[in-house]
Amino acid sequence: MKLAEALQERADVKIKLSSLSTRITNNCLYQEGEKPAEDPSALLKEYDECLKRFDYLVKKINLTNCKTDVEGKTLTELLSEKDVIALRLSFYRNLVNTASSGAQRARRTEIKILSAVEASKIQKTADQLARDLRILDNKIQAANWTVDLIE
């Protein structure tokens, strides 16, 4: 199984766990004289089985990420770098939006609000970060589809 396939399955299992949790909660109480729409015991068993699969996938994905080298760095390191770039990009985009939103004044006597930062320079930084993030994500995705999950 390729790492990318394991990542997709992990996402599917996570969605299923959420669905099962809701279904169990919805069926754990019922009105006297009625029956729940689904058997909560059977749902709990299915939930536990899904949780075991989720645990297995997470462990194998993490192990694979730690042991897979991509251009001198592990996938774990690249994923961390990606998270940091994404956080930085989000910050710079918000800063650009704030710096670019000129204050509206109805009269000349109202206080004028000025930007303390140069929005165009910050936008260039944001654009470069977006490019860096795209390149790094492509590198990670390529590795995900070529690397086999460590068993």
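Data overview
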item: Matching residues, the stretch 40-85, being more than 30 Å from CYS28 (Cα to Cα) and of a type in the set (Ser, Thr, Tyr); result: THR64, THR68, THR74, THR76, SER80
item: Top-ranked residue of the stretch 1-51 - restricted to ones that are of a type in the set (Gly, Ala, Ser) and under 26 Å from GLU151 (Cα atoms), ranked as surrounded by the most Cβ atoms within 10 Å (Cβ to Cβ); result: ALA6
item: Members of the stretch 63-98 found to be basic (Lys, Arg) and in a helix (DSSP H, G or I), listed by number; result: LYS67, LYS82, ARG88, ARG93
item: Residue in the stretch 27-42 that is touching a residue at least 60 places away in the same chain (Cβ under 8 Å), assigned to a loop (DSSP other than H, G, I, E, B) and outside the structural domain of ILE140 (by TED's automatic domain parsing) present; result: no
item: Matching residues, the stretch 119-134, being hydroxyl-bearing (Ser, Thr, Tyr) and loosely packed, with under 13 Cβ neighbours inside 10 Å; result: SER120
item: Count - residues of the stretch 11-61 that are modelled with pLDDT under 95 and hydroxyl-bearing (Ser, Thr, Tyr); result: 1
item: Matching residues in the stretch 111-151 - criterion: being without any contact (Cβ under 8 Å) to a residue 24 or more places away in the chain and in a loop (DSSP other than H, G, I, E, B); result: ILE111, LYS112, ILE113, LEU114, SER115, ALA116, VAL117, GLU118
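The values are calculated or read from the model by the stated rules, or taken from the named source; none is laboratory data. Since the model is a prediction, treat every value here as computed from it, not as a measurement. Backbone-built Cβ (ideal geometry, glycine too); neighbour counts: all protein chains shown.
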